[in-house]
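Novice: Structure provided below as structure tokens; questions to follow.
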Amino acid sequence: MQLRFLFVCLLFSSFAQAQKTNGLTISWELVENGYQGKAQSLSTFTITNKTKKAFPASGWTIYYNFIRFVTPGEVAPGIEAGHINGHLYTLKPTAAFKGIAPGDSLKINIVSVAWVTNYTDAPDGPYIVWDQEPAKGYSFAEFKVIPSTQEKQLLRNANDKKSQTTAADIYQKNSGTKDIPAEELPAIFPAPRAYEKREGQYLLGPEITISADPAFTQEASFLAAELSKVFGKPAKLNNEKANIRITQAAIKDSYTLSIDDRGILITAPDAEGAFYGIQSLRSLLPAKATAAVTLQHVQVADAPRFPFRSFMLDVSRNFHAKAEIFRVLDVMALYKLNVFHLHMSDDEGWRIEIPGLPELTEIGGRRGHDLQELTAIQPSYGSGPDINNTTGSGFYTKADYIEILQYAKARHIKVIPEIEMPGHARAAIKSMDARYAKFIKAGNTAAANEYRLSDPDDKSQYRSVQEWKDNVMNVALPSTYKFLEKVVDELVAMHKAAGAPLDVIHMGGDETPAGVWEKSPVAQQLIKDNATLKNTDDLWYYFYDKVAQIVNKRGLQLYGWEEAGMRKTKKDGHTVMIANPDFGNRNFQLDVWNNVMGGGVEDLTYRLANAGYKVVLSGVSNYYFDMAYTRDYNEPGFYWGGYVDIDKPFYFIPFDLYKNAKEDGAGNPLPASTFIGKDRLTEYGQDNITGIQAALWSETVKTPAQLEYLLLPKLLGMAERAWAKDPSWAKEKEEAKATALYNEAWSVFANVVGKKELPRLAAWNGGYGYRIPTAGAVVEDGKVLANVQLPGLIIRYTTDGKEPTAKSPVYTAPIAQKGIIKLKVYDSVGRSGRTVTVQN
Ligand code: TNX
């Protein structure tokens, strides 16, 4: 009897299981870009019923994410496409739908804006919701994106000359790079201010002892731990006869490092300098574990070019766990970066516990299928219906955050938290709406309204860049400022508890869509009541004035995206954005990101610096690491601001960003006329450039491996530019000379990366997942010639049409063999890049 009951239960549950997605499979394929001659694409979902039962004609909705806006309407007989909000879309049957017979497929054509040229652009995370069970979504077990291969799928539009970076393009680009023997390469990376090689050598190991002045004991322990990894046994501290001495002295440089017969001496005025001296010493050590190492006698005097050397990570779009943050901080410290800008809130997620506002992480820190958004915010970037997913859901507890701050502090990295506002704030807004609903239900209206960020009567219509209709805080509500004060106070408290006090905070300012607040009664009332406010645009300055007061009152500098320092006005009848003269003398620091080459505001960076703003060079053209390395369907990442390979962050010239700009936003050669009439940096403005920031937005970044791929080795180009002095090729006026100097410098850098730094990163911390380049190849005189971007990496090839493996022969000379030649780049630990196929 009991057994029979169990059997019935099993039968029922397996029926329910099958019911979930009814055995449907989904695939998606791009038909073409430039559909109907417009900036839009046509693509097809194919839904196949592989079961023996008909798929019902009604009672369900399919949801999916897509980073391109899909035109709503009838898209197949009886199927309607809809838009929920942001990047969440639906496909729904109407009364005319007939269902899908067993074995049949349903084809649904959708039209979406712009284009799709990378696999990471494709729709993601489809799931089905049954009408009888509206709170539950079921992911499709099988969702396939069919790769694009034809030109009409790969070109953005008719103006595009070329769709893909070819093996020949890569070959051409690499061909100027010289192979330099490892012994001839600079010993320290990033390049120190002064480096002098001296006669003689010093043997370090196998016994190592470190002595340090009391001010540097923490740094000495850090060094001991790192040395233990290299030498395989613990380095001892505080021995009288130390091999490595770290002493304090009032010198002008950040540190000096000397190696002579007496051993290694690092001298620095402060702990930070001592730490950088230690990093330089690490730079001299081999990548692989060894018992002892022979070090050349040297004298190094070093100091950074810029005080602000930053990496920004977006943990909102996709969450990145603490363990990966530690790995990022490790690598930042190795290359002497000193600021970690943590983008912790955006439309798609709030990632930091704020005591007293639990909804922020309980709702805003989780994504899942709940259209009311009372338990989680909606799925984005393919995070799917399940709240327990790891890309959309996740946050740092207060303890996690304090741990991150302390880990960073031990590496002389300052963490600057960013709370995005007033736009890009949907996760916070929805969290506070859920809090409102909770307290209203409990009959507590005052508590419900205390931190509310939205005006319920606001009828304004707008769509943000990511297609959100409701992602902007209402700047007229006093509760908005109460919320901001609360969040700032809690962040200040956490930093204090960590022993890493805040002195600057990032208060967003990015991309607020046109149309906001226009139909908000409270906002319009505020304008009426306030003589200094003429129109809705003025609310922007009202907001940043108040935000600046909030942070300044707490002793913090205001830091924001460029828009925080800009003002809308008219010039010759057209709307233009200028540096806002009102805030130029209030010590605002801005991340200037918009310098898309060919986009028209290439000079914004300099206009803001010239106007008195402290400017961090965060330009998309060279420092947005979420831009794909190259123009290639299989290369992950965005490309709206161009393609960012490792050379872009390296060849950027901070005080003359026009000079080395070679490509436009589409990766095409940039016309020289682009910079005619553009503002140049004044001497006054130059003093306002505080540094450089590399930014990794995480829409396309879901795993640590994907993060490290986009971060490394690009970060090394940025680290060199931020630390090393102004290079000769940047200052040289004569173009031919400057080019020759640059080519020489690039070769040195490429060899340092390929021969020293990548092997170090492969061996350290369990190995980093840096990108391995694609081989360059051409056929010349009946032979295949190949080359690699970063000398030191090797190319393996096959001549039998099979994929190269770690055992395939290494390319050393042109290949005469006829037929299909496949080539692949390998690193020191046998990891490889993508295969290149050439017909000989
Ligand atoms: C622009 S530039 C953004 C982000 C996106 C990024 C993707 C800026 C401050 N905002 O919201 O994540 O592009 O590349």
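Novice: Can you give the charge dipole size of the chain about its Cα centre, rounded to the nearest 20 debye, using +1 on the beta carbon of Lys and Arg and -1 on the beta carbon of Asp and Glu?
Specialist: Values: 94 positive and 95 negative charges, 284 e Å.
Roughly 1360 debye, rounded to the nearest 20.
Novice: Within region 193-207, list the residues whose amide N lies under 18 Å from a label point set 7 Å along Cα→Cβ of ASP261.
Specialist: 198-204
Novice: HN-Hα J couplings of region 88-98 from phi, Karplus 6.51/-1.76/1.60, θ = phi - 60°, integer Hz, Gly and Pro as x?
Specialist: 10, 10, 10, 10, 9, x, 9, 4, 7, 6, 9
Novice: Now, a different point. Using the eigenvalues of the Cα gyration tensor, what equivalent ellipsoid semi-axes result for region 624-782 when each is taken as the square root of five times the eigenvalue, whole Å, largest first?
Specialist: Values: eigenvalues 145, 78, 68 Å².
Its equivalent ellipsoid spans semi-axes of 27, 20, 18 Å.
Novice: Which value in nm describes the separation of the simple spin-label points at LYS50 and SER728, placed 7 Å from the Cα toward the beta carbon?
Specialist: Roughly 6.3 nm, to one decimal.
Novice: Here is a further query. Can you tell me how region 194-302 classifies by the Cα gyration tensor, rounded, prolate or oblate, using a/c under 1.5 as the rounded cut?
Specialist: Numbers: a/c = 1.63, a/b = 1.15, b/c = 1.41.
Because a/c hits 1.5 or more and a/b fails to exceed b/c, region 194-302 counts as oblate.
Novice: For LYS438, which lysines qualify as cross-link partners when the Cα separation must be under 22 Å and same-chain residues fewer than eight apart are set aside?
Specialist: LYS136, LYS430, LYS482, LYS486
Novice: What is the extension gain from THR445 to TRP640, computed as 0.36 nm multiplied by their sequence separation minus the C-alpha to C-alpha distance, in nm to one decimal?
Specialist: Details: separation 195, 0.36 × 195 = 70.20 nm, distance 4.48 nm.
Roughly 65.7 nm would be gained on extension.
Novice: Counting each DSSP H run of 4 or more residues in the chain as -39500 (n - 2.57), what helix-only mean residue ellipticity at 222 nm follows after dividing by all residues, to the nearest 500 deg cm²/dmol?
Specialist: For the chain, the value works out to -8000 deg cm²/dmol.
Novice: Something else: How far, in nm, would the chain grow between GLU142 and GLN164 when pulled straight, counting 0.36 nm per residue and subtracting the alpha carbon separation? Before the final figure, lay out each step's value.
Specialist: On the way: separation 22, 0.36 × 22 = 7.92 nm, distance 2.87 nm.
Value of the extension gain: 5.1 nm.
Novice: About its Cα centre, how strong a charge dipole does region 703-840 have in debye, to the nearest 20, once Lys and Arg get +1 and Asp and Glu get -1 at the Cβ?
Specialist: On the way: 19 positive and 13 negative charges, 76 e Å.
My answer is approximately 360 debye.
Novice: Could you pull out every residue, at least 5 positions away or on a different chain, whose amide H is within less than 5 Å of the one on GLU32? Hs are placed 1.01 Å off N in the peptide plane, and Pro or chain starts have none.
Specialist: It is LEU42, by chain and number.
Novice: With every protein chain left in place, what is the accessible area per residue of the chain in square angstrom, probe 1.4 Å?
Specialist: On the way: 34020 Å² over 840 residues.
Ligands and nucleic acids excluded, the result is 40 Å² per residue.
Novice: Is there a quick way to get the dipole size of region 776-839? I mean about its Cα centre, with the Cβ of Lys and Arg at +1 and of Asp and Glu at -1; what is the value in debye to the nearest 20? List each step's numbers first, then the result.
Specialist: Details: 9 positive and 5 negative charges, 42 e Å.
Computed about the Cα centre, the dipole is about 200 debye.
Novice: On to the next question. Against the empirical 2.2 N^0.38 Å scaling, what ratio does the C-alpha Rg of region 345-394 come to?
Specialist: Working: Rg = 9.8 Å, N = 50, 2.2 N^0.38 = 9.7 Å.
Compared with the compact-globule rule of thumb, region 345-394 sits at 1.00.
Novice: Is region 600-707 best put as rounded, prolate or oblate by its Cα gyration tensor, with a ≥ b ≥ c the root eigenvalues, rounded for a/c under 1.5, and otherwise prolate when a/b is larger than b/c, oblate when not?
Specialist: Details: a/c = 2.65, a/b = 1.55, b/c = 1.71.
Here region 600-707 falls in the oblate category.
Novice: Would you mind estimating how fast region 321-470 diffuses translationally, via Stokes-Einstein at 4 °C and 1.567 mPa s with the Kirkwood radius over Cα pairs, in µm²/s? Present the calculation step by step, with values, prior to reporting the outcome.
Specialist: Values: Rh = 16.6 Å.
Estimated diffusion coefficient is 78 µm²/s.
Novice: Give, in nm to one decimal, the length gained when the segment between THR575 and GLU207 is fully stretched (0.36 nm per residue of separation minus the Cα-Cα distance).
Specialist: Values: separation 368, 0.36 × 368 = 132.48 nm, distance 6.88 nm.
Separation in residues times 0.36 nm, less the Cα-Cα distance, equals 125.6 nm.
Novice: Give me P(r) over the chain, computed from all C-alpha to C-alpha distances, binned every 10 Å, as integer percentages.
Specialist: Calculated P(r), rounded to whole percents: 2, 11, 20, 24, 21, 13, 6, 2, 0, 0.
Novice: Could I ask something else about it? Each residue of region 220-232 in turn: what ³J(HN,Hα) in whole Hz from Karplus with 6.51, -1.76, 1.60 and θ = phi - 60°, glycine and Pro shown as x?
Specialist: 3J(HN,Hα) across region 220-232, in whole Hz: 5, 5, 4, 5, 4, 5, 5, 5, 4, 5, 6, 9, x.
Novice: Same structure again: If you add up the charges near TYR826, with Lys and Arg at +1 and Asp and Glu at -1, over every other residue whose beta carbon is less than 11 angstrom from its beta carbon, what do you get? Working shown, then result.
Specialist: Working: positive: ARG796, LYS807, LYS824, ARG831; negative: ASP827.
So the surrounding residues net to +3.
Novice: Enter the Cα centre distance for the pair region 47-77 and region 561-626, rounded to the nearest angstrom.
Specialist: Distance between centres, Cα-based: 43 Å.
Novice: Quick one: 3J(HN,Hα) in Hz for region 53-62, Karplus 6.51/-1.76/1.60 with θ = phi - 60°, rounded, Gly and Pro as x.
Specialist: Values, residue by residue: 10, 5, 7, x, 7, 8, x, 8, 9, 9 Hz.
Novice: Sticking with the crude label model, points 7 Å out along Cα→Cβ, report the distance from ILE84 to GLU780 in nm, one decimal please.
Specialist: Taking the simple label geometry, ILE84 and GLU780 are separated by 5.5 nm.
Novice: Which pairs, out of LYS178/LYS714; LYS288/LYS755; LYS414/LYS568; LYS38/LYS678, put more than 24 Å between their alpha-carbon atoms? Walk me through the numbers before you get to the answer.
Specialist: On the way: LYS178/LYS714 20 Å; LYS288/LYS755 12 Å; LYS414/LYS568 33 Å; LYS38/LYS678 31 Å.
In this structure, LYS414/LYS568; LYS38/LYS678 lie more than 24 Å apart at Cα.
Novice: Taking the Cα-to-Cβ direction at ASP687 and at ASP489 and moving 7 Å from each Cα, how far apart do the two end points lie in nm?
Specialist: Output for this residue pair reads 3.8 nm.
Novice: Take every DSSP beta bridge with both residues inside the chain and express the antiparallel ones as a percent of the total, to the nearest 5. Walk me through the numbers before you get to the answer.
Specialist: Numbers: 83 of 132 bridges.
If we restrict to bridges inside the chain, about 65 percent are antiparallel.
Novice: Considering only TYR768, ILE278, PRO501, whose Cα is most displaced toward the positive end of the charge dipole of the chain, charges sitting on Cβ of Lys, Arg (+1) and Asp, Glu (-1)?
Specialist: Checking the options against the dipole of the chain, the answer is TYR768.
Novice: Something else now. Please report, as a whole percent, how much of the solvent-accessible surface of region 448-487 comes from carbon and sulfur atoms (probe radius 1.4 Å). Kindly include the intermediate steps, with their values, before the conclusion.
Specialist: On the way: 710 of 1580 Å².
Carbon and sulfur together cover 45 percent of it.
Novice: While we're on this one: THR247 to GLN296: FRET efficiency via 1/(1 + (r/R0)^6), r the Cβ-Cβ distance, R0 25 Å, to the nearest 0.05? Walk me through the numbers on the way to the answer.
Specialist: Working: r = 21 Å, r/R0 = 0.85.
Approximately 0.70, to the nearest 0.05.
The values are calculated or read from the model by the stated rules, or taken from the named source; none is laboratory data. In this text the structure is predicted, and so the values were computed from the model without any measurement. Neighbour counts run over all protein chains shown; Cβ positions are idealised from the backbone, glycine included. Just so you know, the surface numbers come from the protein's heavy atoms only, side chains and all, with ligands and any DNA or RNA stripped out. Shrake-Rupley method; radii C 1.70, N 1.55, O 1.52, S 1.80 Å.
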